[in-house]
Amino acid sequence: MGYTEFLFGWMANVDPVALVLAFSAIGAGLAMIAGIGPGIGQGFAAGKAAEAMGKNPKDGGKPATLVMLLGAAVAETSGIFSLVIAIIMLFANPLLNKGGIALVLAASAIGAGLAMIAGIGPGIGQGYAAGKAAEAVGKRPKLQSGIVRTMLLGQAVAQTTGIYALIIALLLLFVNLFA
């Protein structure tokens, strides 16, 4: 018995639908690892807003909190993308209706989940931008408008890798790339 046969031989005796469902569950769990990024980023943003409030409670605290909330909402997008992919795999799995080799479909489910892990970077980066913006508004509240514009532009650029991951995950789930 060869190594490959030993490793993958058991799959020949498993119901293909069960195999795809099992690997989809793993993929959904893997996708949610991306929630680490927004958690770190939003925590940083909240810390910087609290710091701004402490340094300038009279003039900078309220605007800094507003900027932090706006920036943290944007930083959450990569986590939301991952949640959507996980929910699709768990409740509306398009792989179940596809013909093809069960192992390839199962690998596509894991691949979709792994792709979404790329959302860690945008979540952290966007949270960092939100934190620095909250800090800047706390120091100079009159510049809030320009600071928010700059933050949002930076966050949009930072989100590109999260969007790439989402596109790859959607392709793996909805397009029969390997047929």
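Annotations
- Search result, residues across the range 50-67 that are under 9 Å from Val137 (Cβ atoms), open to solvent by less than 30 Å² (accessible area, probe 1.4 Å) and assigned to a helix (DSSP H, G or I): Ala52, Pro63, Ala64, Val67
- Of all residues making up the range 1-52, the number that are among the polar types (S, T, N, Q) and touching a Leu at 6+ places or on another chain (Cβ under 9 Å): 1
- Matching residues, the range 1-42, being out of contact with any Gly (no Cβ under 7 Å at 6 or more places or on another chain) and under 16 Å from Gly121 (Cβ atoms): Met32, Ile33, Ile36, Gly39
- Under the condition of being closer than 20 Å to Val84 by Cα, out of contact with any Gly (no Cβ under 8 Å at 6 or more places or on another chain) and open to solvent by 10 Å² or more (accessible area, probe 1.4 Å), the residues counted in the range 112-134 number 2.
- Tally, over the range 85-110, of residues that are closer than 12 Å to Gly27 by Cα and β-branched (Val, Ile, Thr): 4
- Qualifying residue in the range 3-23 (condition: among the acidic types (Asp, Glu) and either touching a Phe, Trp or Tyr at 6+ places or on another chain (Cβ under 6 Å) or in a helix (DSSP H, G or I) (or both)): yes
- Taken over the range 69-82, the criterion of being in a helix (DSSP H, G or I) and either surrounded by 18 or more Cβ atoms within 10 Å (Cβ to Cβ) or charged (D, E, K, R) (or both) is satisfied by Leu70, Gly71, Ala72, Val74, Ala75, Thr77, Ser78, Gly79, Phe81, Ser82.
- Residues of the range 59-102 that turn out to be among the acidic types (Asp, Glu) and at pLDDT 95 or above, as a count: 1
- Candidates in the range 124-179 are the residues that are outside any helix (DSSP H, G or I) and of a type in the set (A, V, I, L, M); of these, the one that is modelled with the highest pLDDT is Val175.
- Residues that are loosely packed, with under 15 Cβ neighbours inside 10 Å and farther than 22 Å from Ala31 by Cα, drawn from the range 141-159: Lys142, Leu143, Ser145, Gly146, Arg149, Leu153
The values are calculated or read from the model by the stated rules, or taken from the named source; none is laboratory data. Since this is a predicted model, take the numbers as computed values, not measurements. A quick note on method: Cβ atoms are made from the backbone with ideal geometry, for glycine too, and the neighbour counts reach across all protein chains shown. Surface areas here come from the heavy atoms of the whole protein model, side chains and all, with no ligands, DNA or RNA. Shrake-Rupley method; radii C 1.70, N 1.55, O 1.52, S 1.80 Å.
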